[in-house]
Each structure stands twice: as structure tokens, then as C-alpha cells.
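See below for the structure under consideration.
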Amino acid sequence: MTASHRIVLIVSGGIAAYKSLELIRRLRERGVAVRCVLTKGGAEFVTPLSLAALSEDKVYTDLFSLTDEFEMGHIQLSRQADLIVVAPASADILAKMTAGLADDIATTVLLATDKPVMVAPAMNVRMWDHPATQDNLATLKRRGVRVIGPDEGPMACGEFGYGRLSEPETIAAAILDALKKDTAPKRPLLAGRSALVTSGPTHEPIDPVRYIANRSSGKQGHAIAAALAAQGAQVTLVSGPTRLDDPAGVETIRVESAQEMLDACRKVLPVDVAVFAAAVADWRVEQAADSKLKKQDGSAPPTLSLTENPDILKTVSSAPKDRPALVVGFAAETGSVVEKAIAKRGRKGCDWIVANDVSTGSGTFGGEDNQVHLITPEGAEEWPRLSKAEVAERLADRIAAHFASETDKPVLIQKG
Ligand code: PMT
């Protein structure tokens with residue numbers, strides 16, 4: 001289990017809320033990142049400060065807090081989690097979940113999420129036994145919500161019966177089990193396929209210490225390499241200079257310039273699919289200086305004479321031999337993104353192109369999200385704004401489906 005597993009823990013009202021502190025401790029010990037949402041009722045029993053101290057993260061308490069929404073909207077909160085856990089889950093929050101109410105940040109996250117949800121109910125035995133609660137539970141189970149507990153035993157109110165929150169260790173074990181199942185590798189649809197991915201910027205030297213570069217972080221390209229590997233492909237990533245770690249299970253070749261990137265790509269061919277997500281510099285300095293250019297008082301600044309870099313995507317797309325069966329380019333555009341990308345697809349000779357808007361403020365270069373259109377010979381599809389990992393997963397799924405349909409195509413038998 002790695003810290004890349006993240007849950008959102010919703011702590012709702014009830015005396016058992018104090019057990020959520022122990023639950024966080026046990027999850028953190030096992031490397032699970034926990035981001036807490038505290039309901040108004042929950043805040044009567046535990047403080048945001050204690051949740052923040054144990055989770056080592058911000059605690060979300062107010063749907064209409066402008067700061068919270070600016071930093072991390074309620075949609076984003078659930079998007080970044082592998083699992084949403086409500087512990088303790090009061091009778092009230094279970095009823096709201098069933099009815100689809102969204103009147104605070106906890107219920108809004110629960111209504112807006114498409115991630116798996118687990119609840120650990122805790123309430124008075126009579127509330128638990130009430131047909132309304134039991135009906136609500138049945139509905140939630142039918143919708144796929146996992147239910148842990150409650151346990152039987154003496155209660156804070158002096159009664160005895162079902163309604164005690166399960167022990168933190170039991171809930172933690174159920175969470176770990178769910179995370180393992182939900183994040184287990186999918187059927188490797190690209191097993192036996194090979195892939196080349198380019199990522200990051202290129203650095204074009206001016207002299208030994210200076211270079212021309214751009215703002216690409218490599219996040220999108222690296223995520224695509226990881227997503228293709230997760231689908232079972234044998235992936236080689238050719239990456240320009242980035243601060244990112246090499247993705248697990250991917251052979252990574254690090255390069256600096258466009259020419260080095262092209263040379264490395266050529267060595268990787270042949271492959272079944274190639275995805276060109278790198279932001280390759282279009283130009284380089286014609287003659288990079290061997291020694292550092294010196295600033296001299298009174299003299300004019302040096303003039304840099306630029307020359308065109310090789311176009312890696314175009315070169316690979318038009319390779320007479322070793323052309324990958326599927327070549328996917330990216331198009332970083334500003335304004336009329338789709339039209340420009342369709343034209344670029346034609347010019348570059350690739351099969352698909354992923355168009356993204358990189359105008360100032362879009363946050364695409366270097367940011368966490370990307371809003372893209374996938375352009376194929378069949379047309380342009382608009383995808384919602386997604387994290388770069390989600391864009392990568394969708395693209396890998398589409399690539400896998402493309403190869404699956406190729407395999408499924410009937411073999412034409414030549415007549416005569
Ligand atoms: O790295 P991130 O911070 O995560 O940001 C992701 C991204 C914005 C860099 C990525 O999503 C993206 O759009 N990559 C392509 C950027 C780009 O250079 O676009 P372009 O329109 O200039 O180039 C079109 C295509 O030709 C791209 O596939 C590019 O890799 C390729 N190209 C361009 C020039 C060149 N000399 N050789 C190439 O192969």
C-alpha cells in the first residue's frame with residue numbers, strides 16, 4: 001500500500017466521532033493519505049484541529065467557504081480520492097445520502113462523487129432498528145455502498161444492542177481491502193503490445209549554461225506512460241528534463257534536446273502505438289556556443305540565430321518502415337482549438353490528435369488538470385476537465401479499445 005492511495009474521510013455527528021481519530025492514525029501508519037470533511041454535527045464531538053493534526057492535511061468544514069472552494073472544490077475533493085468513507089455515519093447522513101440531499105460539504109461530496117463509498121454507521125439502537133434507517137441502508141447497499149458494522153454492545157446512552165461504531169482497526173482493514181480491490185490492475189488489455197511515449201519539454205542549448213525551454217512539466221506524458229503500462233503494454237518513455245520520478249514499470253530514457261529525443265525515439269521503434277505528448281522546441285540555436293557567452297560593458301547583446309528542429313511526430317508518422325500502427329499526437333493550441341488541431345493532424349500525418357487549450361490561465365502547462373478534445377478520423381470528442389491521470393487513463397482505455405476492435409475485425413478471405 002503506498003501513499004498514492006487517498007481517501008476522503010467524512011466524520012459526521014455522534015459520540016463515536018472520537019474513534020475517527022484512531023482510524024486516521026491507523027490508516028496513516030499504513031501509508032494511506034486521509035483528507036477529512038467534518039460535518040457540523042461531527043464538529044460538536046471532535047475539533048478540526050485534531051483531525052488536521054492526525055491527517056496532516058487541511059480539514060474541510062464549510063461548503064460555502066470561498067477559500068475552501070478556491071483551493072479545492074467539492075468535486076475536486078472526491079475526484080482526488082480512491083474511496084470516500086463516512087465514519088461514523090449518523091442516521092441523519094445515511095438518510096440524506098439515500099434522498100440525494102446536498103446541503104453541506106459532506107453530502108455534496110457524496111452526491112457529486114463517482115468513487116466507491118463506504119459507511120460505518122453509529123447510532124442509538126432504536127434509531128438503528130427503525131424501519132426508515134433499515135430501508136435507507138438497503139437502498140444504499142443496492143447502490144453499491146459498502147457498509148461496515150455497526151457492532152453490538154453497551155452504548156453511551158446506557159442502552160445495549162446494535163449501533164456501536166465498529167472498531168477503528170476493523171474499519172481500517174475494510175478500507176485497505178477495498179482499496180486493494182478497487183485499485184487492482186484492470187484486465188491488461190494491452191498485454192503483448194509495445195508503446196512509445198514522449199514527455200516533458202526539450203532544452204535547446206545557447207551555451208554551456210543557458211538554454212531555450214518551455215513550461216511543460218511532463219505530468220501529462222508521464223501519466224500516459226504509466227496508464228499504458230497499467231494496461232499491460234511494454235512502455236518506453238522518452239522524456240525531456242523534468243522533476244518527475246520515472247514511472248514504475250516503464251523504461252525511461254532521459255534526453256535534453258529535440259534532436260536527442262528524435263534519436264532516442266528512432267531506437268525504440270518499432271512499437272504498436274506511439275503517443276507524442278512532449279512539448280518539443282520548434283527551434284534551436286543554430287550554433288550553440290562552446291563557452292559561456294560573456295556580457296561585456298557597452299557591447300550589444302548577442303543575437304541568437306535560430307534554426308528549425310526536426311519534427312519528431314511528423315518523422316515517425318511518415319516513416320516508410322516501422323511506422324507504429326497507431327500514432328497519437330498532441331496539439332497545444334490557443335483559440336479555435338479543435339479547428340487548429342484537425343488541421344495539425346493532417347499536417348503531421350498522425351492518426352489521432354489530443355487537442356488542449358494552452359492559452360494563458362488554462363493551467364495546462366505544468367498544472368494538474370487538462371481539458372482536451374480527442375480528434376480521430378471519426379470526429380472530435382470533447383472530454384470534461386479531468387486530472388492529467390484521468391486523461392491518461394481514458395486515452396489508454398481508448399487505445400486498448402482500438403486494438404481490441406482491430407483484433408475483432410473479421411479476416412477478409414480473398415475470392416478467386
Ligand atoms: O507537460 P505538462 O506540464 O503536463 O503539459 C502537458 C502539455 C501541455 C505539454 C501536453 O498536453 C501537450 O499539449 N503536448 C504537446 C505540446 C506541443 O508542443 O504541441 P505542438 O502543438 O507544438 O506540437 C504538436 C505535436 O507535435 C505534439 O505531439 C508534439 O509532441 C509534436 N512535436 C512538435 C514539435 C516537434 N519539433 N516535434 C514534435 O514531435
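The values are calculated or read from the model by the stated rules, or taken from the named source; none is laboratory data. From a predicted model like this one, the values you see are computed outputs, not experimental measurements. Heads up, the Cβs are rebuilt from the backbone with ideal geometry, glycines too, and the neighbour counts pull from every protein chain shown. In case anyone asks, the SASA skips ligands and DNA or RNA and just uses the protein heavy atoms, side chains included. Shrake-Rupley method; radii C 1.70, N 1.55, O 1.52, S 1.80 Å.
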Order Lys267, Lys181, Lys96 by their accessible area, 1.4 angstrom probe, all chains in place, largest first.
Lys267, Lys181, Lys96
Simple Cβ-charge dipole of the range 6-183, Lys/Arg +1 and Asp/Glu -1, about Cα centre, in debye nearest 20:
460 debye
Under 18 Å between alpha carbons, and skipping anything fewer than 8 positions from Lys348 in its own chain: which lysines qualify?
Lys314, Lys321, Lys340
Find the relative contact order for the chain and round it to a whole percent, using C-alpha pairs within less than 8 Å whose residues are 6+ positions apart.
10 percent
Rounded to the nearest 5, what is the percent of antiparallel bridges among the DSSP beta bridges in the chain?
30 percent
Could you please put Thr303, Thr242 in sequence from largest to smallest accessible area, using a 1.4 Å probe?
Thr303, Thr242
From the helices alone, meaning DSSP H stretches of at least four residues, give me the mean residue ellipticity at 222 nm for the chain, per-run term -39500 (n - 2.57), in deg cm²/dmol to the nearest 500.
-10000 deg cm²/dmol
How many nm is it between the label spots at Leu293 and Ala325, if each spot is 7 Å from the Cα in line with the beta carbon?
4.8 nm
How much of the DSSP bridge set in the range 257-416 is antiparallel, in percent, rounded to the nearest 5?
55 percent
Using alpha-carbon pairs under 8 Å, 6+ residues apart, how would you state the relative contact order of the range 211-334 in percent?
25 percent
Diffusion constant of the range 6-183 at 4 °C, which comes from Stokes-Einstein with the Kirkwood Cα-pair radius and 1.567 mPa s, µm²/s:
81 µm²/s
Return the carbon/sulfur percentage of the accessible area of the range 6-183, one whole number, probe 1.4 Å, all protein chains in place.
55 percent
Area of Asp311 that stays accessible when all protein chains are in place (1.4 Å probe, Å², to 10):
50 Å²
Computed over all unlike Cα pairs, the Kirkwood hydrodynamic radius of the range 303-388 in Å stands at 14.1 Å
Rounded accessible area per residue of the range 6-183, 1.4 Å, Å²:
45 Å²
Counting every Cα pair in the range 239-353, what percent are over 16 Å apart?
69 percent
Just the number please: accessible area per residue for the range 258-410, 1.4 Å probe, all protein chains included, in Å².
54 Å²
Applied in sequence order to the range 363-373, the curve 6.51 cos²θ - 1.76 cosθ + 1.60 (Karplus, θ = phi - 60°) yields integer Hz couplings, x standing for Gly and Pro, of x, 5, 5, x, x, 9, 10, 8, 10, 10, 10
Partner lysines for Lys115 [C-alpha distance under 25 Å; skip if fewer than 8 residues away on the same chain]
Lys19, Lys40, Lys58, Lys96, Lys141, Lys180, Lys181, Lys186, Lys219, Lys388
Through the Karplus equation 6.51 cos²θ - 1.76 cosθ + 1.60, θ set to phi - 60°, convert the phi angles of the range 20-36 into ³J(HN,Hα) values in whole Hz; use x for Gly and Pro.
5, 5, 5, 4, 4, 4, 5, 5, 5, 4, 8, x, 8, 7, 10, 10, 9
Please arrange Cys36, Cys157 by accessible surface area, largest first, computed with a 1.4 Å probe and ligands excluded.
Cys157, Cys36
Give the long-range amide H neighbours of Gly13: residues separated by 5 or more places, or on another chain, with amide H under 5 Å away, using H modelled in the peptide plane at 1.01 Å from N.
Gly41, Gly42, Ser90
Using only the Cα atoms of the chain, what semi-axes does the equivalent ellipsoid have when each is the square root of 5 times a gyration tensor eigenvalue? Give whole Å, largest first.
50, 27, 18
